[in-house]
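Below is one structure, written out as structure tokens, with a few remarks after it.
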Amino acid sequence: MSLVPMSQILERANQEDYAVGGFNMNNLEFLQAIIEASEEEKSPVILQASEGALRYMDMHLALPMAISAAENADIPVAIHLDHGSDFSKIIECIRNGFTSVMIDGSKSPFEENIALTQKVVEAAHAVGVTVEAELGKIGGAEDDHVVKSASLADPDECVEFVERTDVDALAVAFGTAHGVYKGEPELDFELLAEVNNRIDLPIVMHGASGVPEESVVKAIELGVNKINVNTAFQQAWTAKVREVLEDPDIYDPRKICGPGRDAMKEAVKEKIRLFGSDNKA
Ligand code: 13P
């Protein structure tokens, strides 16, 4: 149990056709909510942080807490870098204890994305760390990761990319976006099905907040094994904190952030059950 490489969690999900949450940590209360909810649902979990969140929390403060939480948990936990931007950042994260990294070369031309991913895979696999990469450009914004012109993944490129990089999981752009959707998201399930038929690898869905539940279930049926959620949990946390702050007599941060954590924990449990990873620990 406890701290494991992400590949271990995703291999079983891939064999048994369910998805595991890649849940973003933004502060201490998020860490507690994610771990406690996963333990109570007996679910494996991928605890992840963006580069922006690591800067905000200070990686050297937040990561020891995350590692300790994982090591003391009675479920498998992978600690994953979300949207790693360059090689040196990836190496810094691996050296500090991440068991999985995403190298996001999706803004670069195909050949450059391949070259960067190959370099990361070689270094990460040498020390047992899992690698996720991205093809197509997933739209929207997460901290300083902003994509203005999104584009869908190309199935031929997915096949070639997986063969040439030996990556462990692939984020496939099929219409989802980071952040709050303006209308109903338009998802290309045919594309997802084709990619899933042609590559034998766990597929990652980014930008899951705001995607209707039936679409999430369909995406899992079509091969998605990791689902990233950040915005929906931020919204759950903030809605509760806002409500608590209406009382001017409350000033103890524990009485403000604690209820936010508990509200978020319920939201995490709902996602775990939707993804089908409950009782899979
Ligand atoms: P949301 O913020 O839209 O849930 O997306 C999270 C994500 O994909 C992290 O990489």
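The values are calculated or read from the model by the stated rules, or taken from the named source; none is laboratory data. On a predicted model such as this, the values are computed, not experimentally measured, just so you know. As a convention, Cβ positions derive from the backbone with ideal geometry for all residues, glycine included, and neighbour counts pool all protein chains shown. The accessibility values were calculated without ligands, DNA or RNA, using every heavy atom of the protein model including side chains. Shrake-Rupley method; radii C 1.70, N 1.55, O 1.52, S 1.80 Å.
Annotations
- Accessible solvent surface per residue of the chain, calculated while the other protein chains remain in place, 1.4 angstrom probe, Å²: 44 Å²
- Gained length - N197 relative to R55, 0.36 nm times residue gap less alpha-carbon distance: 47.3 nm
- Within-13-Å neighbourhood charge of I256 [Cβ basis; K, R +1; D, E -1]: -2
- Accessible carbon and sulfur surface of the chain relative to its total accessible area, %, 1.4 Å: 47 percent
- Order by protection proxy (mean Cβ within 10 Å, highest first), peptides 112-124, 54-66: 112-124, 54-66
- In a reduced charge model with +1 at each Lys and Arg Cβ and -1 at each Asp and Glu Cβ, the chain shows a dipole moment near 540 debye about its Cα centre.
- Residues of type aspartates and glutamates that K137 reaches as a straight line, Cα spacing below 12 Å, ignoring anything fewer than 8 places off in the same chain: D104, D154
- Cα gyration tensor, region 50-187 - rounded (a/c under 1.5), prolate or oblate: oblate
- By average C-beta atoms within 10 angstrom, highest first, the peptides 138-150, 207-219: 207-219, 138-150
- Protection proxy ranking, highest mean first, for peptides 220-229, 161-170: 220-229, 161-170, where packing is the per-residue count of other beta-carbon atoms within 10 Å, averaged.
- Around G175: net Lys/Arg minus Asp/Glu count, Cβ-Cβ under 13 Å: -2
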